[in-house]
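Take a look at the structure below.
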Amino acid sequence: MKTTTAPIQLQHVAKRYRHSVAVDDVSFTVPAGCVYGLVGPNGAGKTTLIRMLLGLVRPSAGTIRLFGSPPGSAGYPAALRRTGSIIEEPALYRNATARSNLRIHRTALGLRDDPRGDDELLTTVGLAEFGDQKPRRFSQGMRQRLGLAVALVGEPRLLILDEPTNALDPVGIAGMRALFGQLASRGTTVLVCSHLLAELELMCDRVAVMSDGHLLADGSLESLLADAATLHRDSHSTQPSLEDAFLTLTNKEIR
Amino acid sequence: MTTALRTEWIKVRRLPLPRYLLLTVIIAAVGSAVAALGADGQSPDGIPERAGLGLLVAGIFGTAAFAVWMFAVEVSQGTLSRAFCVEPRRSRVILAKAVLATVLPIVVVAVLGLVTLPITVAAVNSHGGDSTMADFAPNIPAAVVQIALVAPACFGLGLITGSMTGGIVASLLMIEILPGILAVSGLADASLIIALSSLATQISDGQAPVLTGSQIAVSPLIALLVLAAWSGAMLALGLARVRSTDIV
């Protein structure tokens, strides 16, 4: 069945704590089948926003819709089951084997055991030989790969990934970039949070920039770069990069 | 709910701590029963307590540890967010855990009770006694009732504290204090505090265990209701805490 509803819709979403505001009046829509980048400095509110999307943190204001269903609605559990995610550190049972981690997640999704599918996922993320090993013995990069394999269980229509290339080597990053491209070409929507702006520039169709809980910009990569070029016509002799656009929007200077 | 139960069951089977706990309880229960067979110079009266000591102590310790672990493992490994990302109806996940945290220890204690029963009878008879399995069979439901009441309370304390250490410390305090307040014939025989005092008595002078401590005698029905209310309250408090907390 073709997905027509935008996988992610945020309208005036805010999260306020007693002494701080993590997210303030953020609205954007992530269309189906694109790789969408969410960038911002530390403390910008990206992870809080992702946690609100996944129903782990309750918003103070605004509306969140995942595949058209707001958290707490009857359709939300089904929407979450179509969503794979990694939030900061991949959530793994460190004392269970890589295969067991996949099996536990598969069962939680209400799916049948699929050893062949698990092997394919492990091969996809480059862990084919490590299926019977426990993540506590893995390097951080390997845990990140296994976290992605877990997120891919059940062929989700939406992937929400917070720093998915964290601790990966250049080959691993390139492999992940290619994987995201393949997934998007098959109609899977990918929302990626990352500090690696050059990487996002290579993999994303659209980008949102956040700072201090606010959304500063949201649009296609081309329009964001064009805006940056207009703002910095004098100081840039070449086409500006996403990093230039990011620094311009967040009023940061390279020290 | 079925999916949540299956998921929790897979976790129990795939993660190592439940296996270690089970092994410990089996060794303690069967070991203490077998050891009673070879005891010298004991009157047959003290043999059943000695034979059942491992099952009582390890069973209750094991139940407390397992019940707390059911939730604390998710917190310590950072997998709680994953569990709630798949099933946002948190009550289902928590209730599935509570069911397994209660049912599995009951099954283990009941089966081990049945396994050690003939060994206990053999031990008593080998020391000059004249017993049948029917004489000691009531000890098994007494232990099962105690486990059924202790497990959800310990699980609730695990939810409230959100940590293995905090949950176990709180559970042990509760296990020690509750039987001291409410001691009832049959239930009290299976309580940790009595088992520990029994162990101490036997180690010190080789005598049969004596019920000690200040105890308020109430009817078994009232005691059951109070203990059930206590367990229910712990579970409800823990559930409310998990439901209302942002997972960060």
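The values are calculated or read from the model by the stated rules, or taken from the named source; none is laboratory data. No experiment lies behind these values; they were computed from the predicted model shown. Every residue, glycine among them, receives a Cβ derived from its backbone with ideal geometry; neighbour counts consider all protein chains shown. Just so you know, the surface numbers come from the protein's heavy atoms only, side chains and all, with ligands and any DNA or RNA stripped out. Shrake-Rupley method; radii C 1.70, N 1.55, O 1.52, S 1.80 Å.
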| field | Loop-located trypsin sites (Lys or Arg not before Pro) in the stretch A:1-100, at most 11 other Cβ atoms within 10 Å (DSSP) | value | A:K2, A:R18
| Mean accessible surface per residue for the stretch B:4-104, computed with a 1.4 Å probe while every protein chain stays in place, in Å² | 37
| message | Give me, ordered by chain and number, the residues 5 or more places off A:H214 or on other chains with an amide H under 5 Å from its own placed amide H. | response | A:D24
| said: In square angstrom and rounded to 100, what buried accessible area do you get between chains A and B, total over both, with the probe at 1.4 Å? | reply: 2700
| If you take the beta carbon distance between A:A74 and B:S91 as r and set R0 to 22 Å, what does 1/(1 + (r/R0)^6) give as a FRET efficiency, to the nearest 0.05? | 0.90
| query | Across peptide B:73-85, what mean number of C-beta atoms from other chains lies inside 10 Å of a residue's C-beta? | reply | 6
| note | With the full set of protein chains present, the residues of the stretch B:1-44 whose 1.4 Å probe accessible area falls by 20 Å² or more relative to the chain alone are B:T3, B:R6, B:T7, B:I10, B:K11, B:R14, B:L15, B:P16
| remark: Taking R0 as 51 Å and r as the Cβ-Cβ distance between A:H195 and B:A236, the FRET efficiency 1/(1 + (r/R0)^6), rounded to the nearest 0.05, comes to 0.75
| said: Beyond 27 Å, how much of the Cα-Cα pair distribution for chain A remains, as a whole percent? | reply: 38
| request: Treat the stretch A:61-157 as a sphere of radius equal to its Kirkwood radius over Cα pairs and apply Stokes-Einstein at 25 °C in a medium of 0.890 mPa s; give the translational diffusion coefficient in µm²/s, rounded to a whole number. | output: 174
| message | Net charge within 14 Å of A:F130 by Cβ-Cβ distance, Lys/Arg positive one each and Asp/Glu negative one each, not counting A:F130 itself? | response | +3
| query | For labels at B:E176 and A:S223 in the simple 7 Å Cα→Cβ model, what's the distance in nm? | reply | 6.6
| remark: Env charge @ A:L148, Cβ radius under 14 Å, K,R +1 / D,E -1, value -3
| field | Computed label-point distance, nm, for sites B:V107 and A:R137 using a 7 Å Cα→Cβ extension | value | 3.0
| field | Inter-site label distance for A:H214 and B:S131 at 7 Å from Cα along Cβ, in nm | value | 7.9
